[in-house]
Amino acid sequence: MSIRLTVVTFSLDDAKSEKIDAAFRSFMQETNYWQGKVLLDYSLMMHKAWRPVLPMLPLAADISVLDVGTGYGLLIDELAANLSVALYGIDIDAKYIQGARALSETLAAQDIFESGSQIEFEVGDICSIPYPDSMFEFTMVREVFQFVDDIDKATEEIKRVTKPTGFVCVSDNDDGLFLSYPEPTEAFKKLHRAIEKEQSSYGGDRKVGRKISTILSNHGFEILAVNVIPEARHWKVTPQDPERFFLLEQLREAKERLVSSNALSSSEYDALLRQVESEPPSEQFRFNARVLVIGRKPR
Ligand SMILES: C[S@@+](CC[C@H](N)C(=O)[O-])C[C@H]1O[C@@H](n2cnc3c(N)ncnc32)[C@H](O)[C@@H]1O
């Protein structure tokens, strides 16, 4: 029997979305794990662009949904606040899973979850998902493929845990879809290119967005929809701007990896970082778009 696409039409409850944002922002203030701060800041911004898209996903009441690479579980909390579904989130980073559990408990105490919704978080790798075959009607993978070295293994794993005729949604960035004005400085571009090179040396791919539909098709999924989620903003960067602060922290943290992978020498890295640190704050226009693909597992 094939899973019917009885897509529930739902609109997000804005008051609940505000409570979710507030809980995540206050968690971001409290945590000392700076990688966690970066992820929370980034996820909140990206998720805003996703909110209008959520009601278009193949969701139905009482199904089981897996979110692979869930981070702090923002997507899961938003779905549980609006639908009665069983939600499972896994992430390779135990600190994120610990945070995701704490955040969903905070939100449960505010009584924002739909009755009948259920949430579970577990540590797990996309290449070895800790659930049995055919457990989920719908598997989500948002901004995880770009970090994965064995994309074929990861795709086989999401296929294994999805029910025959069930759905997957894979979405990711692609550096080719990024625009900004003013253009980043040469120093910033050089550091960014070095990070891209270093990331691809262990299999990560910052241009994976354009490849998702082909990857899924090669693994036997029927491609049902291909779309992009645009996100654009204009803001005044101040010296205290959290995005600038997190970016500098990420660049500082990358030094050891960049130097040991020979992407840059230590002195080249130091000179580039000094230039980026001394760039005066300015106004910024930023455009980014994520590719989103919905696939269906064969019978
Ligand atoms: C950019 S974040 C996206 C988080 C979340 N999906 C969201 O959309 O808010 C990438 C996440 O993928 C997780 N991740 C990276 N490699 C993974 C792997 N091999 N298996 C599971 N999770 C992984 C990271 O720990 C991180 O939480």
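The values are calculated or read from the model by the stated rules, or taken from the named source; none is laboratory data. As the structure is a prediction and not an experimental result, all values here were calculated from the model. In this analysis, Cβ positions are derived from the backbone assuming ideal geometry, glycine residues included, and neighbour counts consider all displayed protein chains.
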Check: Just one of ARG160, ARG193 is over 30 Å from SER267 (Cβ atoms) and either surrounded by 15 or more Cβ atoms within 10 Å (Cβ to Cβ) or at pLDDT below 95 (or both); which is it?
Finding: ARG160
Notebook entry, point to check: Could you give every pair whose Cβ atoms fall below 8 Å, whose first residue belongs to region 252-274 and is in the same structural domain as GLU196 (by TED's automatic domain parsing) and at pLDDT 90 or above, and whose second residue is assigned to a loop (DSSP other than H, G, I, E, B) and hydrophobic (A, V, I, L, M, F, W, C), counting only separations of at least 6 or pairs across chains?
Noted result: LEU272/LEU264
Notebook entry, point to check: Can you find a residue in region 260-275 that is among the acidic types (Asp, Glu), surrounded by 12 or more Cβ atoms within 10 Å (Cβ to Cβ) and touching a Pro at 6+ places or on another chain (Cβ under 9 Å)?
Noted result: no
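Could you list all residues from region 238-281 that are aliphatic (A, V, I, L, M) and more than 22 Å from LEU177 (Cα to Cα)?
First, pick out the residues of region 238-281 that are aliphatic (A, V, I, L, M): 247-248, 251, 254, 258-259, 263-264, 271-273, 276.
LEU248, ALA254, LEU258, VAL259, ALA263, LEU264, ALA271, LEU272, LEU273, VAL276, listed by residue number.
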Next item on the list: Starting from residues that are buried (at least 22 other Cβ atoms within 10 Å of the Cβ) and not in a strand (DSSP E or B), keep the ones in region 83-106 and report whichever is nearest to the ligand (Cβ to nearest atom).
Entry: TYR96
Notebook entry, point to check: In region 22-48, which residue that is within 11 Å of the ligand (Cβ to nearest atom) and hydrophobic (A, V, I, L, M, F, W, C) is modelled with the lowest pLDDT?
Noted result: VAL38
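Within the bounds of region 112-121, is there any residue that is farther than 13 Å from TYR88 by Cβ, among the β-branched types (Val, Ile, Thr) and more than 13 Å from the ligand (Cβ to nearest atom)? Reasoning before the result, please.
First pass over region 112-121, keeping only residues farther than 13 Å from TYR88 by Cβ: 112-116.
Right, trim to among the β-branched types (Val, Ile, Thr) and you get 112.
Pick out the ones that are also more than 13 Å from the ligand (Cβ to nearest atom) and you get 112.
Yes: one or more hits.
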Next item on the list: Name the residue, out of LYS163, LYS153, LYS190, that is away from the ligand (no atom under 16 Å from the Cβ) and part of a helix (DSSP H, G or I).
Entry: LYS190
Notebook entry, point to check: Looking at region 196-229, which of its residues are farther than 22 Å from TRP50 by Cβ and either surrounded by 18 or more Cβ atoms within 10 Å (Cβ to Cβ) or at pLDDT 85 or above (or both)?
Noted result: GLU198, GLN199, THR214, SER217, ASN218, HIS219, GLY220, GLU222
Next item on the list: Please go through region 124-133 and pick out each residue that is more than 9 Å from the ligand (Cβ to nearest atom) and surrounded by fewer than 17 Cβ atoms within 10 Å (Cβ to Cβ).
Entry: PRO130, PRO132, ASP133
Check: Does region 134-147 contain any residue that is in a helix (DSSP H, G or I), surrounded by fewer than 18 Cβ atoms within 10 Å (Cβ to Cβ) and either away from the ligand (no atom under 12 Å from the Cβ) or without any contact (Cβ under 8 Å) to a residue 40 or more places away in the chain (or both)?
Finding: no
Next item on the list: Filter region 11-21 down to the residues that are of a type in the set (A, V, I, L, M) and surrounded by 13 or more Cβ atoms within 10 Å (Cβ to Cβ), then identify the one that is farthest from TRP50 (Cα to Cα).
Entry: ILE20
Notebook entry, point to check: In region 203-239, what residues are under 19 Å from the mean Cα position of the chain (by Cα) and part of a loop (DSSP other than H, G, I, E, B)?
Noted result: GLY203, GLY204, ASP205, ARG206, LYS207, VAL208
Check: Does GLY69 satisfy the criteria of being within 14 Å of the ligand (Cβ to nearest atom) and either among the hydroxyl-bearing types (Ser, Thr, Tyr) or within 24 Å of ARG244 (Cβ to Cβ) (or both)?
Finding: no
